[in-house]
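Everything on this sheet refers to the single structure shown next.
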Amino acid sequence: MKNSMSSREIRQLFTDYFVKNGHQNVASSSLVPENDPTLLFANAGMNQFKNLFLGLEKRNYSRAVTSQKCVRAGGKHNDLENVGFTARHHTFFEMLGNFSFGDYFKKDAIHFAWELLTKELQIPKDKLYVTVFQDDDEAADIWHKQEGVPRERIYRLGEKDNFWRMGDTGPCGPCSEIFYDHGPEADLDPSKPSVMGGEGDRYVEIWNNVFMQFNEDGTGRHALPKPSVDTGAGLERWAAMLQGRPNNYDTDLFMPIITKAAQIARKDYVSDYKVLAKHADIREQVAAMRVVADHSRACAFLIADGVLPSNEGRGYVLRRIMRRAIRYGRKLSDDPSLFVQTVQVVINEMSEFYPELKRGQDLVVTTVRDEITRFLSTLDQGTEILNDALSKLSHRGVKTVDGATIFKLYDTFGFPVDLTRLMANEQGFVIDESGFEKQMDEAREKAKAGSGSKFKSNADGAHLVKIAQEVKSRSGATAFTGYQGHKASARTLLLSNGKSAVGELKAGDEGIAIFNTTPFYGESGGQAGDRGSLSGAGGLHAEIFDTTKQDEIHLHHVRILEGKLTTGDAVVIDIEEMARQATANNHSATHLLHAALRKVLGTHVTQAGSLVDSERLRFDFTHGKALSREELHRIEEMVNFEIGKATPVDAREMSHADAMDMGAIALFGEKYGDRVRVIKMGGFSTELCGGTHVTNTSVIRLFKILSEGGVSAGVRRIEATTADRALRHLLVAADEAAHAREVAGTQAPLATYIEGMKDKVKELEREIKSSKAPRSTSTLSLAKPAPSTPRAPPANLSALASRSTTATCSQKSPINCATKSARASFA
């Protein structure tokens, strides 16, 4: 057996073996799945090949090998609470895998696995066991007859253990797992039975061979076009096996991070189970180090892949992981930089294989540092509130924390619910999660109040994926003609009410329509979907109020105004041309803005999010501090200068490699194929983009920044507009400034005038304060004072009072009026 192999060597050996056996080495996909609303994060090696298994996509290879980045910290696969307290639970891990897309099946998959383990790695066969699905006689016979595994070492298990699913829907099939026996010395915890398939640390699953035969959806299991193979072998478990460490955290994947945490905390890391079993304080200390090590990996990779901490979706999962790590780091040391330093170790250790870590280093470190500052500012206060609540509950003999308290900690102090649960559990309490969810639902409903059509938000995401896949497999991708024109004759391929497919939509109905061809741009790449109209025979007239895209299928969100729309109908669809042009103006301006930001602020600026529609553009970018007025002016002038140059906008398709060679910038969150569309604006901006754009920069006419501010740690946001809307904004601002000068009676710059008036007010306040001051007691006389004439107020105070009563501004003061107008002007 090859012992003491480093994790780098293991990863390379696995890849080399399968490349030698005709597999294409495919890079890991992003942790953020592409066009898959059923997944929060990539959680298995097969995620990026899902459409290949479904027969919806073809590539120039039928065998692949990968080392895939994975995160399991939300949804169906949620290991967060166990992380740090068991030998093998992690939020982030690497999944080694080999795949067959209708090429080989069970016979070859089993042979590859057994040969790699027993011949390449020379693992003794008596250290290995296998399992098969209870009804899979074929796999059991292959293991026994082809590979010579004794039948007593082949275990048959049920659907819970040996039928694999990616999620609630998607490809699935029976599987065959390989287990490694770490030996009786690993059988340390008597509470975990040391049996095959049990929770003990002796017998550990090291490889799962999934035989993809079905696709599962809401209606059941359906045979896939071609039987395929998906395998997964956790690198962390292989490292433990080949480095002689039953606990994953004691391998070279985690020890450099743990060593750094131990150095900063000035505490020893102990891996001896017998010591840990006897000493609760040491056990807690070691668990904290392991939590920090695991979460450092997850945070570094998630942020490098564009996920940023927030209070919803993927960003909230990241925030939960970060804040859990920060709290455990606080238990180890008061040094707030501990977590930053352990994340830096991850970047240093893993950038060789995952260069995105080094490219995104500044963003990763800044985001982690800012989140620490943000959370520590509320951690102590929130902890005090929770402890106070627990004390009151304890006096009443109650052991459940109510939903209102949990929600307050979440909403006001940024405590993720699982952190509150953890802290409550440590003191013997449980939490009312249903009560918390009720509070969350009420908050969501309040946030939704006053919104427009709810159809889009209420549509079933899994259903939309399903109908898109059905149409694509039957008719191919939607033919998009929107780069060439705004109107098209189309045939209706499928209709849906948002929950299920229907045969027709009649007047008053809202639903989804899929056509064979369309000029309507489907929302993607930050650009909003097109709006427009639909007409057809029998007086059919409908509004298309949005367009989205799923797996290259354009989903038209329609509202039937007259007549009815039936599957198979021939229709004419026409986009709202003025809205499309305004959107193109804003999208092209976004490219110019991105380039200007990088020239003014530096090349560390990368896109962190974008929204472009007909009214405005919103651009999120990585930068650690607010932009000065001078920087904003330079950016604005630079963009308008490029607009004024009337540069032709060149849109062309080319290979991805050629686009990278010419310096094109890829957009955040987008995945690109072998052929890409490049938008080039002279020598100023070159980006990969599938959106709609102007043909010449002069069409944009004018660019105006409306606001700049922070979105989250290390991310800034600029909102701007173009063309007529930008002109209207400037005209209104100029009119308000002129009116303010008229009311104030000055032609001086408003900022100068306001500063002068503020100084005068301060002077008057001092005079008023002085006039109200009591006279010194030394000047008082026992004699009756002589009558005196009332003293007149100071001349300047009288003048101010006079102006105040005659001001025409609704604020009754020229100072307030001028200030209000100036703020509007300079916003």
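The values are calculated or read from the model by the stated rules, or taken from the named source; none is laboratory data. Small disclaimer: the values here were computed from a predicted structure and weren't measured. Note that each Cβ is placed from the backbone with ideal geometry, even for glycine, and that neighbours are counted across all protein chains shown. Surface accessibility is based on the protein's heavy atoms, side chains included, excluding ligands, DNA and RNA. Shrake-Rupley method; radii C 1.70, N 1.55, O 1.52, S 1.80 Å.
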Checklist entry - Using a basic spin-label model with each label point 7 Å from the Cα along Cα→Cβ, how many nm lie between L731 and R156? => result 8.2
Checklist outcome for this item: Set K466/K499; K466/K549; K50/K466; K69/K127, cut-off 19 Å on Cα-Cα distance; pairs above it are K69/K127
Checklist entry - Out of these labelled values of Cα Rg over 2.2 N^0.38 Å, (i) 1.16; (ii) 0.97; (iii) 1.02, which was calculated from the coordinates shown here? => result (i)
Next on the checklist: Please list S62, S296 from largest to smallest accessible area, probe radius 1.4 Å, with all protein chains kept in place.
Outcome noted: S62, S296
Checklist entry - Roughly how tilted is helix 417-426, in degrees to the nearest 10 and between 0 and 90, from the longest Cα axis of the chain? => result 70
Item to check | Accessible surface, 1.4 Å probe, highest first, among residues T66, T752 | outcome: T752, T66
Checklist entry - When all protein chains stay in place, what accessible area (Å², nearest 10, 1.4 Å probe) is found for R8? => result 110
Checklist entry - For the chain, what does -39500 (n - 2.57) per DSSP helix run (n ≥ 4), summed and divided by total residues, give at 222 nm, in deg cm²/dmol to the nearest 500? => result -12500 deg cm²/dmol
Checklist outcome for this item: Highest mean packing first, using Cβ neighbours within 10 angstrom, the peptides 650-657, 702-709, 88-95 sort as 88-95, 702-709, 650-657
Checklist entry - Over the alpha carbons of the range 282-352, what is the largest minus smallest coordinate on each principal axis, giving the biggest first in Å? => result 35, 32, 19
Checklist outcome for this item: Answer in debye to the nearest 20: the dipole magnitude of the chain about its Cα centre, from +1 Lys/Arg and -1 Asp/Glu charges placed on Cβ, is 2720
Checklist entry - Protein chains only, probe 1.4 Å: how do S337, S271 rank by accessible area, largest first? => result S271, S337
Checklist entry - What is the spin-label model distance, in nm, from H739 to D189 if the labels are put 7 Å beyond Cα along the C-beta direction? => result 7.0
Next on the checklist: What is the ratio of the Cα radius of gyration of the range 256-391 to 2.2 N^0.38 Å, with N the residue count, to two decimals?
Outcome noted: 1.09
Next on the checklist: How high is the relative contact order of the chain? Use alpha-carbon pairs under 8 Å, at least six apart in sequence, and give a whole percent.
Outcome noted: 7
Checklist entry - Of M638, M578, L116, which is farthest along the charge dipole of the chain in the positive direction, counting Lys and Arg as +1 and Asp and Glu as -1 at C-beta? => result M638
Item to check | Which of Q361, L627, L464, positive extreme of dipole for the chain (C-beta unit charges) | outcome: L627
Next on the checklist: Just to confirm the filter: which GluC sites (Glu not before Pro) across the range 158-211 are DSSP coil and have at most 14 other Cβ within 10 angstrom of their Cβ?
Outcome noted: E199
Checklist entry - Between their Cα atoms, which of K680/K704; K192/K438; K192/K226 are more than 32 Å away from each other? => result K192/K438; K192/K226
Checklist outcome for this item: Amide H neighbours of D201 at under 5 Å, excluding residues fewer than 5 places away on the same chain, with H built from the backbone geometry, are L188, D189
Item to check | Calculated P(r) tail over 21 Å for the range 158-303, as whole % of Cα pairs | outcome: 58
